[in-house]
Every structure is written in structure tokens, then in C-alpha cells.
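Heads up: the structure comes next, in C-alpha cells.
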Amino acid sequence: MLGHIIGSNRDPKVIWHEPTEKWIMALYLDGNDYALFSSPNLKEWTRLSDINLPNTSECPDIFELPVDSDPNNKKWVFWGANGNHYIGTFDGKIFKAESELLRTDFGANFYAAQTWSDIPKSDGRRIQIAWMNGGKYPDMPFNQQMTFPVELTLRTTPYGIRLFRKPIKEIENIHQKEYFWQDQILSPKNDILSGIKGELFNIYAEIDLYKSSEVGFVIHGEKVQYNKESKQLSCLGRSVLLEPIDNKISLQILVDRTSIEVFGNDGL
């Protein structure tokens, strides 16, 4: 067994590394530091290398994904609790970052995300779930919640390889009623959603910005808003840059009784 190393070391994430036929452990050490270990038997561990994730601590994850669905072109992701991560290579000993420090979630209640290992090869997805920390629900017998599970993919963008997160397809299995509109001109006087009532929604929207300066939704009194000039997508007091593609943006908005999750441009 691995004994105490330093400071607050905790949160082991263990995976099987087929090329070296060894178990690999990512472990949080202290501050912004992590380490990788290997073992042939899950009992005896050898320290391989260290990784520093700026402004990040706790709950590491490490996994491999194909780039643009190409099984012959794969990269590794090393991830910390707040969603900061690097994309790079891993040779069984050393993780080498090839990207700048990246992030995919900019909400106020996203932490300690982990992925499931060993999904059947016939499926092949890398699925992640995170803790929505800090939620307060008056008069409820619970506090806080988990995010909806998302599928992770690596795709090539004009800015380099990036990690995309989007809700898993199984969400369609719990739809009870569907509405569909196409080629609508939206304005304050043309609110196509005004007659729809409910608590739970999965909203897909592809929006041609055209001459509009702002566009968005008001959901349970909260605004999900996009500003064309600043290119900022805003919700619940947080904003993030979302670049239009051919003057269009796409949004997927998951509305639960106590949360709103927003995914822009297919999960970028």
C-alpha cells in the first residue's frame, strides 16, 4: 500500500495502462501538485513523475481519447478538481502537456468531476459526472447535487485540440413531450415559448445572430443570454467567451428543478 507522502495527499484515481501492463495511479499531493505512480499488482507502487496544475488542487483524473474520432490519433487528458486540464501524451511514465492550461466548465458549482472506466469497447465513450457544490435548497431534506452525465471528446478547432463536453444521448430516453420550431424570427413580440409550462427542460437551439445584438432565454426567472458584440454567453452571474461559427451559435440548456446547465457550440 502507498503510505503518506506529503501535506494533504489524497484522491487516488487508478486506471489500467495496457501498453505497460501496469496499473497507473494519479494522486493529489499538495498545493497545485500531483504525481503518477505505477504498480503491477495494486499493492506495490513506484513513483513515476510529477505534474503541476496551476490554480488547481484535488481529485485528479487521467484518460486517453481519440482526436476527431480517429483511433490512430489519440491524446491524453490530465484533469484537476476545478476542471483545469492539460491535453498531451503519456508514455506509461511521464505525462507531457502539449496544450496550455485549459478549462471546459465556467459555472460556479462545478467540482471534482470523474470519468467512468471500462465502458464496453462496442460503446467506447468516455463519460463524466461532476459534483455541483455549494447548492442550497431551503426546506429540502438534501443539499447539493450532481451534474447530468456528459460524453467527452477531443476535436480539432482553429485554436488547437480541445475537449468537448455534451450531455449523453440517453437523455432522450426521459423526454415526455417534444416541441419543434424551425426558421423562426425571434423578437420581444414573438416569444414562441410563452405557452409552454413545466419544470424540466432539455432545450436545443441553433441561433443565427443576423442583426440581433442579444439573444437568450428567461428560465424560472434566470437569464441565459448571449451578447453578439462581446461574444459572451452568460448565466447565473457567470460569463464565458463563445465564438460564433458562420454567425451562428448553438446552445443546449438542461433545466432541472434546482439547476441550469448550459452547453455552447456542441459542448466546446
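The values are calculated or read from the model by the stated rules, or taken from the named source; none is laboratory data. Since this is a predicted model, take the numbers as computed values, not measurements. Cβ sites come from the backbone with ideal geometry, for glycine too, and all protein chains shown count toward neighbours.
Here are a few things to note about the model shown:
- Of all residues in the stretch 160-215 being out of contact with any strand residue (DSSP E or B) (no Cβ under 9 Å at 6 or more places or on another chain) and assigned to a strand (DSSP E or B), the one that is nearest to Ala97 (Cα to Cα): Ser187
- Lys136 meets the conditions (1) of a type outside the set (Gly, Ala, Ser); (2) surrounded by 17 or more Cβ atoms within 10 Å (Cβ to Cβ); (3) modelled with pLDDT under 95 in every case but one. The failed one is (2).
- Subset of the stretch 232-253 [over 17 Å from Val218 (Cα atoms) and surrounded by 15 or more Cβ atoms within 10 Å (Cβ to Cβ)]: Val240, Leu242, Pro244, Ile249
- You will find that of Gly7, Gly3, the residue that is without any contact (Cβ under 8 Å) to a residue 60 or more places away in the chain and farther than 16 Å from Ala81 by Cβ is Gly3 and no other.
- For the residues Ser250, Ser213, Ser239, the requirement of being touching a helix residue (DSSP H, G or I) at 6+ places or on another chain (Cβ under 6 Å) and outside the structural domain of Asp123 (by TED's automatic domain parsing) singles out Ser250.
- Residue within the stretch 90-99 that is among the hydroxyl-bearing types (Ser, Thr, Tyr), modelled with pLDDT of 95 or more and closer than 20 Å to Phe164 by Cβ present: yes
- Residue match in the stretch 258-266 (condition: over 18 Å from the mean Cα position of the chain (by Cα) and either modelled with pLDDT under 95 or of a type outside the set (A, V, I, L, M, F, W, C) (or both)): yes
- The number of residues in the stretch 216-232 that are assigned to a strand (DSSP E or B) and either within 18 Å of Glu243 (Cα to Cα) or not basic (Lys, Arg) (or both) comes to 10.
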